[in-house]
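**Q** Sharing a structure below in structure tokens format, with a few things to ask.
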């Protein structure tokens, strides 16, 4: 982990603790206003590091030893008169070891112990119900006010977000299947700018993702889209569905990317891949592509359009960085069909394969990661032929197989410079620590697929009835020699409805055989539509950004901050509603570890976006704390309403039972979110 990542995580931990500390500060200020005796106010949790009490001064750890040594007993055991005579404060202020929140200790009030009442006139339980309501709700109010202030600050400075421009549309997703209302020939496409969703203006791409995730099950989302060259807005009615993430509704679109190579963690990951390709080694974070094949390009989708018309020939690009221009020849490779697997669980590491008519290439090691336990074992370009007992594995099959193996050594066979080499690899957490790509330059076939899923039904693949063995080498198609998968794909397209493959089986010494495939005109059309791709995927580039700003107008910033706070409050309640409707899965919930992990990535984008993120978390804390559940502020507020109506508080037995139930619910939520966080990090 880099120093920047560790620093970002520390920022989020401190920020998260600050939000909880502000919440407790609200309770503390309200308690002082109500005249309730407050014995302690702490920033952080765990052992005390420093403390301060008026009349005693600053102390290392607690002030208690000094107070007892001087007065014979601790401050909480003294009466108000004794405190006044001794000229010391009733409240000890402390800074604690763990920067995760804080607490306020009030006389006669403990959330987890309803028996801790007091007859002292300054105790919490002796205070009027109205004042207690103010004290209980003050933490939530402080979180909402803090969120308003942070949003105001962000909009006054200006915050960058992904622009609401569509980049990639996932094949077969709800967005891919949508057509403009009344214009069947106009599907949603890359470069479209979303103007409104369900009649509400769209500011950022996040609004599009939230609209899909928060949609009511069975209710379509209506997008109004602006397309270059068309004056009128196009309207699309899209039914969200679970596409890439189980338990979360999506439209199936990704934001558009610029042509500036990403910086931060994303840039580091891209650099690892770029350095493995000799043609792309000169590229680095911050460089911008200006033209491709002589055509000026501004966004990734324009570059990708040029790649699609390249016919497999490398694309000549021009880059600029600090007034230095560089020409780079970007390699182009053929796309493969996505083959959905019939007998692989949806939550497997990979539940699909890429191939042609059920034939898939082998997997090649593109990059050996610096952290890999196999840094001295593998070399870039090694083609995996065998892992333990698994021969000629497909890429998805290989990943699933590795995930099921125990950590430790594993026997492997790779093709290195055309010759088989025996190696002993090391598996760690189900992985080899390498980046895999399709071995398109080796005309060998991995284990063929006999079946695929189409619209939920098992259907034979084009190779299903052929006697093709995994590890076979395709020598020619219709008597035309082939040496890579680009040629294989082209010959399958051009070969007519009956295609003859000359194949060398993996069994040594056997003569080559001929296999005849039937390739329908529909299959040929599907293969010719697959297109091309380059090593420079969209994820290597920064998104197209839009800046949300008040333009320096503090009144407008205040309005924007208030509106954003209200939107986030509504969104948090909507999330809870969708959890009950089961359109948002429990597996999508994140705990403190997940929040820190996301926040550490967000911190790369600057302090304004970090403050925006903390404002969102502050709103979430406010909502969750005011839910009508035992232990949290919302449950305590309900008790006060009950006491106001029935002139007595709920029975101690009921409060004890509710406290146990509340602790159980919180513990369950903690365990679920902790499991989700760890599963995401490991996965």
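The values are calculated or read from the model by the stated rules, or taken from the named source; none is laboratory data. Since the structure is predicted, the reported quantities are computational estimates derived from the model, not experimental observations. Counting neighbours? That spans all protein chains shown, and the Cβs are built from the backbone with ideal geometry, glycine included.
**Q** Look through 161, 205 and report the one residue that is within 16 Å of residue 253 (Cβ to Cβ) and crowded, with 21+ Cβ neighbours inside 10 Å.
**A** 205
**Q** A further question follows. crowded, with 18+ Cβ neighbours inside 10 Å, touching a helix residue (DSSP H, G or I) at 6+ places or on another chain (Cβ under 7 Å) and closer than 30 Å to residue 342 by Cα, is that true of residue 434?
**A** no
**Q** Quick one: how many residues across segment 314-334 are part of a strand (DSSP E or B) and surrounded by fewer than 16 Cβ atoms within 10 Å (Cβ to Cβ)?
**A** Final tally of qualifying residues: 7.
**Q** Within segment 415-431, how many residues are within 25 Å of residue 473 (Cβ to Cβ) and surrounded by 12 or more Cβ atoms within 10 Å (Cβ to Cβ)?
**A** The number of residues fulfilling the criteria is 5.
**Q** Kindly indicate whether any position in segment 389-404 is loosely packed, with under 14 Cβ neighbours inside 10 Å, closer than 25 Å to residue 507 by Cα and touching a strand residue (DSSP E or B) at 6+ places or on another chain (Cβ under 7 Å).
**A** The answer is no; no qualifying residue exists.
**Q** For residue 311, indicate whether it is surrounded by fewer than 16 Cβ atoms within 10 Å (Cβ to Cβ) and on the phi > 0 side of the Ramachandran plot.
**A** Against the criterion (surrounded by fewer than 16 Cβ atoms within 10 Å (Cβ to Cβ) and on the phi > 0 side of the Ramachandran plot), residue 311 qualifies.
**Q** Check off (1) touching a helix residue (DSSP H, G or I) at 6+ places or on another chain (Cβ under 8 Å); (2) under 23 Å from residue 579 (Cα atoms) for residue 194 and give me the number that stays unchecked.
**A** (2)
Per-residue answers, yes or no, for (1) more than 29 Å from residue 660 (Cα to Cα); (2) touching a helix residue (DSSP H, G or I) at 6+ places or on another chain (Cβ under 6 Å); (3) touching a residue at least 40 places away in the same chain (Cβ under 8 Å); (4) surrounded by fewer than 20 Cβ atoms within 10 Å (Cβ to Cβ):
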| site | (1), (2), (3), (4) |
| --- | --- |
| 35 | yes, no, yes, yes |
| 41 | no, yes, yes, no |
| 60 | yes, no, no, yes |
| 64 | yes, no, no, yes |
| 71 | yes, yes, no, yes |
| 98 | no, no, yes, yes |
| 102 | no, yes, yes, no |
| 122 | no, no, yes, yes |
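**Q** Okay, next question. Hey, can you tell me all the residues within segment 272-295 that are in contact with a helix residue (DSSP H, G or I) (Cβ under 9 Å, 6 or more places away or on another chain), surrounded by 15 or more Cβ atoms within 10 Å (Cβ to Cβ) and under 21 Å from residue 381 (Cα atoms)?
**A** 273, 274, 280, 283
**Q** Right, here's the next one. Confirm whether residue 539 is surrounded by 13 or more Cβ atoms within 10 Å (Cβ to Cβ), in a helix (DSSP H, G or I), under 41 Å from the mean Cα position of the chain (by Cα) and without any contact (Cβ under 8 Å) to a residue 60 or more places away in the chain.
**A** Criteria not met by residue 539.
**Q** Given 482, 434, 414, 424, which one is modelled with pLDDT of 90 or more and under 26 Å from residue 521 (Cα atoms)?
**A** So the residue among 482, 434, 414, 424 that is modelled with pLDDT of 90 or more and under 26 Å from residue 521 (Cα atoms) is 482.
**Q** Collect the residues in segment 335-346 that are surrounded by 14 or more Cβ atoms within 10 Å (Cβ to Cβ) and either out of contact with any strand residue (DSSP E or B) (no Cβ under 6 Å at 6 or more places or on another chain) or closer than 22 Å to residue 400 by Cβ (or both), keeping them in residue-number order.
**A** Of everything in segment 335-346, those that are surrounded by 14 or more Cβ atoms within 10 Å (Cβ to Cβ) and either out of contact with any strand residue (DSSP E or B) (no Cβ under 6 Å at 6 or more places or on another chain) or closer than 22 Å to residue 400 by Cβ (or both) turn out to be 336, 337, 338, 339, 340, 341, 342, 344.
**Q** Could you please let me know if residue 116 is crowded, with 16+ Cβ neighbours inside 10 Å and out of contact with any helix residue (DSSP H, G or I) (no Cβ under 8 Å at 6 or more places or on another chain)?
**A** For residue 116, the condition - crowded, with 16+ Cβ neighbours inside 10 Å and out of contact with any helix residue (DSSP H, G or I) (no Cβ under 8 Å at 6 or more places or on another chain) - is not met.
Condition check ((1) part of a helix (DSSP H, G or I); (2) touching a strand residue (DSSP E or B) at 6+ places or on another chain (Cβ under 6 Å); (3) modelled with pLDDT under 85; (4) not assigned by TED's automatic domain parsing to the domain that holds residue 218) across all residues:
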{"site": "509", "(1), (2), (3), (4)": "no, no, yes, yes"}
{"site": "514", "(1), (2), (3), (4)": "no, yes, no, yes"}
{"site": "526", "(1), (2), (3), (4)": "yes, no, no, yes"}
{"site": "558", "(1), (2), (3), (4)": "yes, no, no, yes"}
{"site": "568", "(1), (2), (3), (4)": "yes, no, yes, yes"}
{"site": "574", "(1), (2), (3), (4)": "yes, no, yes, yes"}
{"site": "577", "(1), (2), (3), (4)": "yes, no, yes, yes"}
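**Q** For segment 1-106, which fully contained helices (runs of 4 or more DSSP H) count at least 2 residues that are within 20 Å of residue 622 (Cα to Cα) and not assigned by TED's automatic domain parsing to the domain that holds residue 624?
**A** 3-34
**Q** On the given criteria, is residue 412 under 19 Å from residue 470 (Cα atoms), over 31 Å from the mean Cα position of the chain (by Cα) and crowded, with 18+ Cβ neighbours inside 10 Å?
**A** In short, yes.
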